[in-house]
Amino acid sequence: MADAFATITQRRMTGGFRIDGIDGKNLHLDPGPGALVRSYQFGVNPLKLHGILVSHSHTDHYSDAEVLIEAMTRGMTRKKGLVIGSESVINGYQKWGPCISHYHLSRPQVEVMDAGDHFRMGDIKITATPTQHGDPKNIGFRLEWEDFTLSYTSDTAYFEELHQHHQNADVLIASVIRPGNERIRGHLCADEFQQLVDETSPKLTIMTHLGMKLITDHPVEEADKITDKTGVKTIAAHDGMVIDLDQFHSKQQTLDEY
């Protein structure tokens, strides 16, 4: 995912990200422009989705939600799948949203979540985490299953309590717009993300939603700097990136050399 200028130029792809095989379920988070096309490009079948999660009402996070719903429900012919969205995404809130038509919400199960809400999808516990962003109903998502936790900040400014909602995550994914200490309203810069990593100590962190300046200013080097300073492996997401989450599972056997 990327900021508005990266979206309209497509310097980076903006289709969100997908998590496959958790409790037998495939989930697509924040399907922005290109989510459907990029799914096929990188060999994942949108017809095999079980859930679509949309954090807020900005175009680069929701624009392909309807077409993925059509894929998930086999062209709106089946009552199938789950859509989770913030209040602004599903119902609209003040000037934000709604983002998905009543027609498209008529086939899947639909859940509206506010910060602090919990929902269970089989054995997956989904928690909506708070943010500070332009859309006041924006939420992040914390997914927990089989003693494994993946936490996603969505778009948010840094705030004092942010780390409390992403503690004990095995994998932390965050929207990081600018390099270094170049702060921008409603978003994390790399230095703020580094502070969040220090406060949460996950096993792996991923910077996504990279802004144009961070794309230009060597995001891999920025990620390596965070790795060196925190001791936590940090990756700058790139188009088509695939990560095997099993290697970060807390139940995995390890070989320690003494």
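The values are calculated or read from the model by the stated rules, or taken from the named source; none is laboratory data. These numbers were taken from a predicted model, which means no experiment stands behind them. Neighbour counts run over all protein chains shown; Cβ positions are idealised from the backbone, glycine included. All accessible areas refer to the heavy atoms of the entire protein, side chains included, with ligands and DNA or RNA removed. Shrake-Rupley method; radii C 1.70, N 1.55, O 1.52, S 1.80 Å.
Condition check ((1) more than 29 Å from Thr59 (Cβ to Cβ); (2) at pLDDT 95 or above; (3) in a strand (DSSP E or B); (4) among the small types (Gly, Ala, Ser)) across all residues:
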residue	(1), (2), (3), (4)
Val220	no, no, no, no
Asp224	yes, yes, no, no
Ile243	no, no, no, no
Gln247	yes, no, no, no
Tyr258	yes, no, no, no
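Here's a check for you: in region 121-130, which residue that is touching a strand residue (DSSP E or B) at 6+ places or on another chain (Cβ under 6 Å) and not hydrophobic (A, V, I, L, M, F, W, C) is surrounded by the most Cβ atoms within 10 Å (Cβ to Cβ)?
Step by step, filter region 121-130, then rank; the result is Thr129.
For region 196-215, give me each residue that is of a type in the set (S, T, N, Q) and in contact with a His (Cβ under 8 Å, 6 or more places away or on another chain).
Selection gives Thr200 alone.
Might you let me know whether region 47-61 holds any residue that is surrounded by 19 or more Cβ atoms within 10 Å (Cβ to Cβ) and part of a helix (DSSP H, G or I)?
For region 47-61, residues surrounded by 19 or more Cβ atoms within 10 Å (Cβ to Cβ) and part of a helix (DSSP H, G or I): present.
State whether one or more residues within region 184-204 are assigned to a strand (DSSP E or B), surrounded by fewer than 24 Cβ atoms within 10 Å (Cβ to Cβ) and β-branched (Val, Ile, Thr).
Checking region 184-204: not a single residue is assigned to a strand (DSSP E or B), surrounded by fewer than 24 Cβ atoms within 10 Å (Cβ to Cβ) and β-branched (Val, Ile, Thr).
Give the residue, chosen from Asp147, Asp170, that is closer than 30 Å to Tyr40 by Cα and either of a type in the set (A, V, I, L, M, F, W, C) or touching a residue at least 60 places away in the same chain (Cβ under 8 Å) (or both).
Unique residue meeting the criteria: Asp170.
Within region 200-211, can one find any residue that is touching a strand residue (DSSP E or B) at 6+ places or on another chain (Cβ under 6 Å), farther than 27 Å from Asp246 by Cβ and small (Gly, Ala, Ser)?
yes
Looking only at region 45-60, filter to residues that are out of contact with any Leu (no Cβ under 9 Å at 6 or more places or on another chain) and not polar (S, T, N, Q); which one of those is nearest to Phe141 (Cα to Cα)?
His56
Does region 70-120 hold any residues that are part of a loop (DSSP other than H, G, I, E, B), open to solvent by less than 50 Å² (accessible area, probe 1.4 Å) and under 18 Å from Asn45 (Cβ atoms), and which are they?
The answer is Thr73, Gly75, Met76, Gly81, Pro108.
Might you check whether a residue that is among the aromatic types (Phe, Trp, Tyr), touching a Leu at 6+ places or on another chain (Cβ under 8 Å) and within 18 Å of Ile184 (Cα to Cα) occurs anywhere in region 158-168?
Yes, the conditions are met somewhere in region 158-168.
How many of the residues making up region 155-183 are surrounded by 14 or more Cβ atoms within 10 Å (Cβ to Cβ) and assigned to a loop (DSSP other than H, G, I, E, B)?
12
Can you confirm whether region 131-148 contains a residue that is assigned to a helix (DSSP H, G or I), modelled with pLDDT of 95 or more and open to solvent by 10 Å² or more (accessible area, probe 1.4 Å)?
no
Looking only at residues in region 184-213 that are more than 18 Å from the chain's Cα centre (by Cα) and of a type in the set (A, V, I, L, M, F, W, C), which one is modelled with the highest pLDDT?
My answer is Ile184.
Being assigned to a strand (DSSP E or B) and open to solvent by less than 60 Å² (accessible area, probe 1.4 Å) is the filter here; which residues of region 9-46 pass it?
Across region 9-46, the qualifying residues are Phe17, Arg18, Ile19, Gly21, Ile22, Lys25, Asn26, Leu27, His28, Leu29.
Spot the failing condition for Thr227; the list is (1) β-branched (Val, Ile, Thr); (2) over 22 Å from Ser86 (Cα atoms); (3) surrounded by 24 or more Cβ atoms within 10 Å (Cβ to Cβ), and only one is missed.
The failed condition is (3).
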